[in-house]
Amino acid sequence: MTTGKFHMMMFQRLSSRNASRTAGRTALPLVLGAALVLSACSSVPVEERSDVRDRYEGANRKVFAFNMGVDSYVLEPVAGAYRDTVPEGGQTAVSNHLRWASLPSTAVNSTLQGKFENAALATLHFLVNGLTLGFADLAADEEEQVTKEDFGQTLASWNVPEGSYHMVPVLGPRTTRSLGGTVVDFALNPLSVFGTGDVVQTVNAAQAPVGAVSFRAQNYDAINDVKYNSLDPYARTRSVYYQSRQGLLVDRVARGAASAVSEDEFDSLFEEESN
């Protein structure tokens, strides 16, 4: 092989890697940008909304229909197969990794909210479990566990207004505030500190789709109940989302809200009737 051909092959390989990495970094901003553009073009008058917070209900319902199509043809069958074929230990390892990947965001946001003990715990768990990229929870025996925090919660602690309701392609429901938080949390992906090896790149690229499948599998029956048994699946999904977020924000916002729920009760919310 000539030197020129060798250099050309190396250049093509590096270009392919960079293109893949760039695509992963730009995918989320493109999705969020598309959601905001769609919303901005279709504000619904207050008197025509089924919920006053849902300013862009017309566009949101169209995106919801698209998401349901993705779910029916991709996520639901894949999640069903995942539940039936992947051993429980394998599913636990995937959940452990996804939880580990969120720890840097939790550490940063806990610090910004003044929750220094939780920030220290998140940092400790991240460093210890980093030995296995989080697939094995080496700190599982610790008495105190980490409480997950995101930048949307941090913005709420700073009294940033909630904003409007958005249905984001693929990602699902968000408020304007939590949508901004999603962008910041995405930038805190811990795998960027582990170099650019093939294994790390593969795990990094697989995080989003595997996370979606894992979440769908864990909430399989609850989501199907909303999807197939609700008179208005869109409105019920919106109601569940707001109740779930209120539960996460209960220690940051005025406690005058009627009823708040914790993240652990998310599944049971799907069983409640809403309009």
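A few points about this structure:
- Test: Asn60 is out of contact with any Leu (no Cβ under 8 Å at 6 or more places or on another chain), more than 18 Å from Asn219 (Cβ to Cβ), in a helix (DSSP H, G or I) and in contact (Cβ under 8 Å) with a residue 40 or more places away in the chain: yes
- Within the range 155-166, the residues that satisfy the criterion of being over 16 Å from Ser110 (Cα atoms) and not in a loop (DSSP other than H, G, I, E, B) are Tyr165, His166.
- Filter result (closer than 16 Å to Gly172 by Cβ and either in contact with a His (Cβ under 9 Å, 6 or more places away or on another chain) or in a helix (DSSP H, G or I) (or both)) within the range 202-219: Ala208, Pro209, Gly211, Ala212, Val213, Ser214, Phe215, Arg216, Ala217, Gln218
- Test: residue in the range 167-186 that is over 21 Å from Asn109 (Cβ atoms), touching a strand residue (DSSP E or B) at 6+ places or on another chain (Cβ under 7 Å) and not in a loop (DSSP other than H, G, I, E, B): yes
- Members of the range 23-67 found to be modelled with pLDDT of 75 or more, closer than 16 Å to Thr175 by Cα and exposed (fewer than 13 other Cβ atoms within 10 Å of the Cβ), listed by number: Val52
- Test: Ala101 is in contact with a Leu (Cβ under 8 Å, 6 or more places away or on another chain), more than 22 Å from Leu249 (Cβ to Cβ) and in contact (Cβ under 8 Å) with a residue 40 or more places away in the chain: yes
- Restricted to the range 68-154, the set of helices (runs of 4 or more DSSP H) holding at least 1 residues that are at pLDDT below 95 and buried (at least 16 other Cβ atoms within 10 Å of the Cβ) comprises 88-101, 103-112, 116-129.
- Residues (within 28 Å of Leu179 (Cβ to Cβ) and either touching a strand residue (DSSP E or B) at 6+ places or on another chain (Cβ under 9 Å) or in contact (Cβ under 8 Å) with a residue 40 or more places away in the chain (or both)) located in the range 134-160: Val146, Thr147, Lys148, Glu149, Asp150, Phe151, Gly152, Gln153, Thr154, Ala156, Ser157
The values are calculated or read from the model by the stated rules, or taken from the named source; none is laboratory data. Here the structure is a predicted model, which is why all the values come from computation and not from measurement. Because the Cβ atoms are built from the backbone with ideal geometry, glycine has one as well, and the counts that use them run over all protein chains shown.
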